[in-house]
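Heads up: the structure comes next, in structure tokens.
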Amino acid sequence: MKTTLTVLFVVFLFLWYLSFSATRLDRLHHRVETSWANLDGLLQRRAAIALELARSELADPASSLLLTDAAYQARDASIALRSQAESGLSGALRLLQVDLGSDARPAEMALLSELSELSAKIRVAIALHVDSVTSTRVVRQKLIFKIFRLAGRAPLPVTYEFEDDAI
Amino acid sequence: MTNLKSLRIGIVCPYGWDAPGGVQAHIRDLAEYLIAHGHMVSVLTPAADEDALPSYVVSAGKPIAIPYNGAVARVLFGPIAFARVRQWISQGNFDLLHLHEPAIPSLSLLACWAAEGPMVGTFHAASKKQKAIYAIGPILEPVIEKLSARIAVSEAARLTLTAHLETDAIVIPNGIYADRFTAGVAQPKWSGNTLGFIGRFEEPRKGLAVLLDALPLITRVIPDIRVLVAGPGDSEEFVTKMDPELRNRITFLGRLSEEDKANFLSSVSIYVAPNTGGESFGIILAEAMAAGACVVASDIPAFNSMLGDGEFGSLFPCENSTALARTVIELLGDDERRGLLAAAGQQNAKRFDWDTVAKQIFSVYEMAMVGRDGVRLASETRSWSRLLNREEETR
């Protein structure tokens, strides 16, 4: 009788731990989705601003072409190629900012200051996303998550490689 | 702030509200800033005296004093506190929770356990590697990883976090109301060849002893030097231990009001921070710089980064009284350099103004809230149904 109870208790404890782990992983997946949605939204906004800058009188035809191309590439890139495309856009934007100097008009100055505010936010968003992806991957490496397939059919989150000076 | 939408923000303070401390002051200022910008804020905290609380503060019960990290921490946990935390979360209907020090055994940890949804955690403490945290790391990990974003108040706090819990954080400094300190008026009674010190001087890590050891050397070169010590504590012990000839060089002012503090910092020739360690941020240095004081500080990591490696104030080797004396003597004899350091410091202090700091914090709030609809109690039962569902699928 006593051993039966003990076994039952251990089984119960184990099931509880499994359920707890599943919830934990579910939350982590949720966190990755959130941080990606946030980063993606900010990057989309940046591409939109880049297109607006390309259309403005600030940009000469050559940089306008370069910027438009980079912005479309960044928008259409698949997730695996996304960081590379975004780095390209960063480069194009940096070129434009270097050329500018101080002869921009108020409307364009507003665009530029919005852009620099956005860049600061993107840096933070990247840090948040990288952190959530890393923790999720670390947890999914653990044995219990593999044996009991607690991740279900959720895809393994992709690491988003950003070079430090990319933005 | 750019976002005009009014948010319902719940902030959890781990330490007793009535006890003086950097974390409590930070939370008070942040809450008042957010309220002034149109947000609804509720702060849950342990409190010894429930009647003396501001309207936005909710008490979770009386704090318990436990020894922690070399000091006495007034924290709160236990089943009754946990029930109060759950009640506060379920009734608060918050858009976001901001938990301070979620890695120490107190209310923030309980709240992190009980809630799910957008949560931001701020880590204040900086300390050397602690075995205790290693031991409970595996238990803390699943709780801490629920946070959507982590903030560290300094590089030192960030390193502590990465070393103990293997997670990264964004560095956003603590805030000060820089204007209030810039508006300080120099008082003749505190001016002249004066060295200022503010803090709980009885605590050895605040380093008043280092300053007092330097005093005989300084007196030899600058006979009219005066040391002004502000802050709560019993000065008897220090006075009796001192050389009688030096006793009249030092004045204990007791605790100063906020206004007097600004005036005090604007008056003294040099503000000295001889802390020997255990400091994560050093908000007092930011305040001293904002008030236009020339700052001399020990070269502990937090002060190093605060003073830009000596660009915004002078640094001396930690616990080295002779070096401190030499630095002070040099600066008191060089009005121009003292003025330059003070001006550079005042410029640097703008970085810590609430207008800048709160904007950064708010931007993290926005990121944590993307695509989520508010904070609710964690439903640990949800996974049961998930498990059952999967079994049905495989069948």
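In table form, for the structure just shown:
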item: Filtered GluC sites (Glu not before Pro), segment B:146-245: DSSP coil and at most 15 other beta carbons within 10 Å; result: B:166, B:202
item: Charge dipole of the protein assembly as shown about the Cα centre (unit charges at C-beta), most positive-ward option of B:195, B:377, B:285; result: B:377
item: Within segment B:361-376, backbone nitrogen closer than 12 Å to the virtual label 7 Å beyond the Cα of residue A:117 toward Cβ; result: B:363
item: Total charge dipole magnitude, segment B:18-66, about the Cα centre, Cβ charges on Lys, Arg, Asp, Glu only, Debye to nearest 20; result: 140
item: Leading residue at positive end of dipole, the protein assembly as shown (Cβ point charges), from B:246, A:70, A:110; result: A:70
item: Computed label-point distance, nm, for sites residue A:137 and residue B:68 using a 7 Å Cα→Cβ extension; result: 3.4
item: Gaussian network model of chain B, Cα within-10 Å springs - most flexible of B:310, B:38, B:374; result: B:38
item: Charge sum, other residues only, whose C-beta stays under 13 Å from residue B:17's C-beta, Lys/Arg counted +1 and Asp/Glu -1; result: -1
item: 5 angstrom amide H check on residue B:273, placed H, neighbours 5+ away; result: B:296, B:297, B:298
item: Relative contact order of segment A:24-147, defined on C-alpha pairs under 8 angstrom at six or more residues apart (%); result: 39
item: For residue B:17, residues with placed amide H under 5 Å, excluding near neighbours; result: B:47, B:48
item: Signed unit charges on C-beta, dipole axis of chain B, positive-most listed residue B:312, B:54, B:349; result: B:54
item: Inter-label distance, nm, simple model (7 Å from Cα along the C-beta direction), residue B:299/residue B:335; result: 3.0
item: Relative contact order for segment B:178-351, counting Cα pairs under 8 Å that sit 6 or more residues apart, in percent; result: 27
item: Beta bridges per DSSP with both ends in chain B, % antiparallel, nearest 5; result: 15
item: Cα-Cα P(r), segment A:24-147, percent of pairs per 5 Å interval; result: 2, 11, 18, 20, 15, 11, 8, 6, 4, 3, 2, 1, 0
item: Cut-off of 10 Å, at most 14 other beta carbons, DSSP loop: longest stretch of chain A lacking such GluC sites (Glu not before Pro); result: A:58-160
item: Additional length obtainable on full extension of the chain from residue B:209 to residue B:25, 0.36 nm per residue less Cα span; result: 63.6 nm
item: Along each principal axis, Cα extent of chain B, largest first, Å; result: 89, 43, 41
item: Anchor residue B:359: aspartates and glutamates whose Cα lies under 12 Å away (excluding residues fewer than 8 positions away in-chain); result: A:117
item: Of B:215, B:107, B:340, the one that fluctuates the most in a GNM where chain B has Cα springs shorter than 10 Å; result: B:340
item: Span-like helix ranges in chain A, DSSP H, alpha carbon extent 15 angstrom or more, Kyte mean at least 0.0; result: A:2-55, A:79-100, A:106-141
item: Under-5 Å amide H pairs with residue B:115, H placed in peptide plane, nonlocal only; result: B:378
item: Kirkwood-type radius of the protein assembly as shown, with distances r between different C-alpha atoms, in Å; result: 26.4
item: Relative contact order (%) - criterion: Cα under 8 Å, at least six apart; region: chain B; result: 16
item: Point-charge dipole on Cβ atoms (K/R +1, D/E -1) for segment B:208-315, about Cα centre, debye to 20; result: 260
item: GNM top mover of B:304, B:348, B:248 - chain B, alpha-carbon springs below 10 Å; result: B:248
item: Under 10 Å, Cβ to Cβ, from residue B:212 - net charge with Lys/Arg +1 and Asp/Glu -1; result: 0
item: Nearest-20 debye value, the protein assembly as shown charge dipole, Cβ charges on Lys, Arg, Asp, Glu; result: 2100
item: Spherically averaged projected area of segment B:164-293 from its Cα convex hull (nm²); result: 9.4
item: Residues residue B:49 and residue B:222, FRET efficiency given R0 of 45 Å [Cβ-Cβ distance, rounded to 0.05]; result: 0.50
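Bear in mind these aren't lab numbers, they're just calculated from the coordinates by the rules spelled out. Being a predicted model, the structure only gives us computed values, none of them experimental. With ideal geometry, Cβ positions are generated from the backbone for all residues, glycine too; neighbour counts draw on all protein chains shown.
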